[in-house]
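**Q** Dropping the structure in here first, questions after.
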Amino acid sequence: MLSVLSYGRLVARAVIGGLSQTDSRDYSLVTASCGFGKDVRRGVLKKGMCYGDDACFIARHRSADVLGVADGVGGWRDYGVDPSQFSATLMKTCERLVKEGRFVPSSPVGVLTASYYELLQNKVPLLGSSTACIVILDRQSHQLHTANLGDSGFLVVRGGEVVHRSDEQQHYFNTPFQLSIAPPEAEGAVLSDSPDAADSSSFDVQLGDIILTATDGLFDNMPDYMILQELKKLKNTNYESVQQTARSIAEQAHVLAYDPNYMSPFAQYACDNGLNVRGGKPDDITVLLSIVAEYTD
């Protein structure tokens, strides 16, 4: 039986041992992007990190790495509105806020909210709607903070398995949560969700963790097992390797989107909702592939 003094020494050793194993290094994300517009047969990156009506950004700050994707709602095209303008401006505004240091690493919802309200306050209204997903890596705490509104999203892969993922938000089939700005006469008739409705999460990450952030054009065409198969090609944290793997994933999703005989995740979801659908889902595809690495200036 241990004496009180002996027990105290054991506890002290355990505490000291635990503290000595704490990783004091700063972390960072090595991130590459790739994508395809729905109507483009090869990936062409437009000015402003846009693929079709999708948009994305990658921003670095001394305290955090921040990235995001947004998917402009194509239905606005029927009313003479370019859907890509809303998603692109939303992401550009998020990027600027991060670079100016006007954000808190633990609050990706705050970045999304500030960006959205800037759009609302424009003298000339920017009409449109968009889903959005924001991911922030806090360098010192090694925590990943996320906010996802709609059906874009992210996966975190460790040791070949998905250990974290975003929850998809749908009002009903193929109608995701979305930020919107409508003309006064259409307010109330257009779906519009608050940034606060975003699904938020925070968790620790480890060196070597892989983070895949993408719009629904990827997830509607590639199930997890296919994505994990492609991620096996990522052998190190070099940007070139990350870029090559991101391109490989985007290209495979793009090919599957136009396969009429493929039972895609979207087609399966449609069947589950009573619709007789088969094939891939032609859509804009945006992929941001990141790997957690040790921070270097």
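The values are calculated or read from the model by the stated rules, or taken from the named source; none is laboratory data. Keep in mind that what you see is a predicted model, and the values were worked out from it rather than measured. Cβ: placed from backbone, ideal geometry, glycine included. Neighbour counts: every protein chain shown. Heavy atoms of the whole protein, side chains included, go into the accessibility calculation; ligands, DNA and RNA do not. Shrake-Rupley method; radii C 1.70, N 1.55, O 1.52, S 1.80 Å.
**Q** For Met263, tell me the accessible area in Å² from a 1.4 Å probe, rounded to the nearest 10.
**A** Here the accessible area works out near 70 Å².
**Q** Provide, for the stretch 27-294, the number of lysine pairs with alpha carbons under 24 Å apart, each pair being eight or more places apart or on different chains.
**A** Value for the stretch 27-294: 12.
**Q** Over the C-alpha atoms of the stretch 36-158, what are the Rg and the largest Cα-to-Cα span, Dmax, in Å?
**A** Considering the stretch 36-158 through its Cα atoms, Rg and Dmax are 14.6, 47 Å.
**Q** For n ≥ 4 DSSP H runs only, could you compute -39500 (n - 2.57) per run for the chain, divide by its residues and tell me the 222 nm figure to the nearest 500?
**A** Using -39500 (n - 2.57) per qualifying helix, the result is -9000 deg cm²/dmol.
**Q** Accessible area per residue for the chain in Å², computed with a 1.4 Å probe and the full protein assembly in place, what is it? Present the calculation step by step, with values, prior to reporting the outcome.
**A** Details: 14440 Å² over 297 residues.
Result: 49 Å² of accessible area for each residue.
**Q** Further question on the same structure: Of Ala132, Ser24, Ala214, whose Cα points farthest to the positive end of the dipole of the chain (charges on the beta-carbon: +1 Lys, Arg; -1 Asp, Glu; origin at the Cα centre)?
**A** Ranked along the dipole, the leading option is Ser24.
**Q** Full extension from Arg96 to Asp196: what is 0.36 nm times the residue separation minus their Cα-Cα distance, to one decimal in nm? Walk me through the numbers before you get to the answer.
**A** Values: separation 100, 0.36 × 100 = 36.00 nm, distance 2.05 nm.
So the chain would gain 33.9 nm between Arg96 and Asp196.
**Q** In whole percent, how big is the carbon plus sulfur part of the accessible area of the stretch 79-163, probe 1.4 Å, protein atoms only?
**A** Details: 1610 of 3280 Å².
Carbon and sulfur together cover 49 percent of it.
**Q** Could I ask something else about it? Taking amide H positions as placed in the peptide plane 1.01 Å from N, state which residues far from Ser152 in sequence (5 or more) or on other chains have amide H under 5 Å from it.
**A** Ala132, Asp216
**Q** Looking at [x] 85, 51, 34; [y] 78, 47, 39; [z] 74, 42, 34, which value of Cα extents along the principal axes in Å comes from a calculation on the structure shown?
**A** Matching entry in [x] 85, 51, 34; [y] 78, 47, 39; [z] 74, 42, 34: [y].
**Q** Continuing with the same structure: Step through the residues of the stretch 251-268 one at a time and calculate ³J(HN,Hα) from phi using the Karplus curve (6.51 cos²θ - 1.76 cosθ + 1.60, θ = phi - 60°), rounding each to whole Hz and writing x for Gly and Pro.
**A** Along the stretch 251-268, the couplings run 5, 5, 4, 5, 5, 5, 4, 10, 8, x, 9, 7, 8, 6, x, 5, 4, 5 Hz.
**Q** HN-Hα J couplings of the stretch 196-203 from phi, Karplus 6.51/-1.76/1.60, θ = phi - 60°, integer Hz, Gly and Pro as x?
**A** 5, 7, 4, 6, 10, 8, 9, 7
**Q** Would you mind computing the Rg to Rh ratio of the stretch 55-109 from its alpha-carbon coordinates, Kirkwood style for Rh?
**A** Details: Rg = 13.2 Å, Rh = 12.1 Å.
Radius of gyration relative to Kirkwood radius: 1.09.
**Q** So which trypsin sites (Lys or Arg not before Pro) in the stretch 120-189 pass both tests, a DSSP loop state and at most 11 other Cβ atoms within 10 Å of the Cβ? Show your work: numbers first, answer last.
**A** On the way: sites: Lys123, Arg139, Arg158, Arg165; in loops: Lys123, Arg139.
Hits after loop and neighbour filter: Lys123.
**Q** Let me ask something else. Pairs of Cα atoms under 8 Å, at least six residues apart: use those to get the relative contact order of the stretch 27-294, whole percent. Before the final figure, lay out the partial values.
**A** Working: 641 pairs, mean separation 63.5, N = 268.
Relative contact order, the stretch 27-294: 24 percent.
**Q** Suppose we keep just the alpha-carbon trace of the stretch 157-297; what are its Rg and Dmax in angstrom?
**A** Looking at the stretch 157-297, its Cα Rg and Dmax stand at 17.6, 54 Å.
**Q** Using modelled amide H (1.01 Å from N, peptide plane; none on Pro or chain starts), what sits under 5 Å from the amide H of Asp65, excluding residues fewer than 5 places away?
**A** Leu137, Arg139
**Q** Using a 7 Å offset from the Cα along the Cα-to-Cβ direction at both Arg25 and His171, what is the distance between the two label points in nm, to one decimal?
**A** 4.7
**Q** Now for a separate question. Give the long-range amide H neighbours of Gln178: residues separated by 5 or more places, or on another chain, with amide H under 5 Å away, using H modelled in the peptide plane at 1.01 Å from N.
**A** Asp193
**Q** If you take every residue apart from Gly110 with its C-beta less than 14 Å away from the C-beta of Gly110, what net charge results, scoring Lys and Arg +1 and Asp and Glu -1? Don't skip to the end; give the middle numbers.
**A** Details: positive: Arg102; negative: Glu100, Glu118, Asp138, Asp196.
It works out to a net charge of -3.
**Q** Still on this structure, I have one more. Karplus couplings for the stretch 131-137 from phi (6.51 cos²θ - 1.76 cosθ + 1.60, θ = phi - 60°), rounded to Hz, Gly and Pro as x?
**A** My calculation for the stretch 131-137 gives 7, 7, 9, 10, 10, 10, 9 Hz in order.
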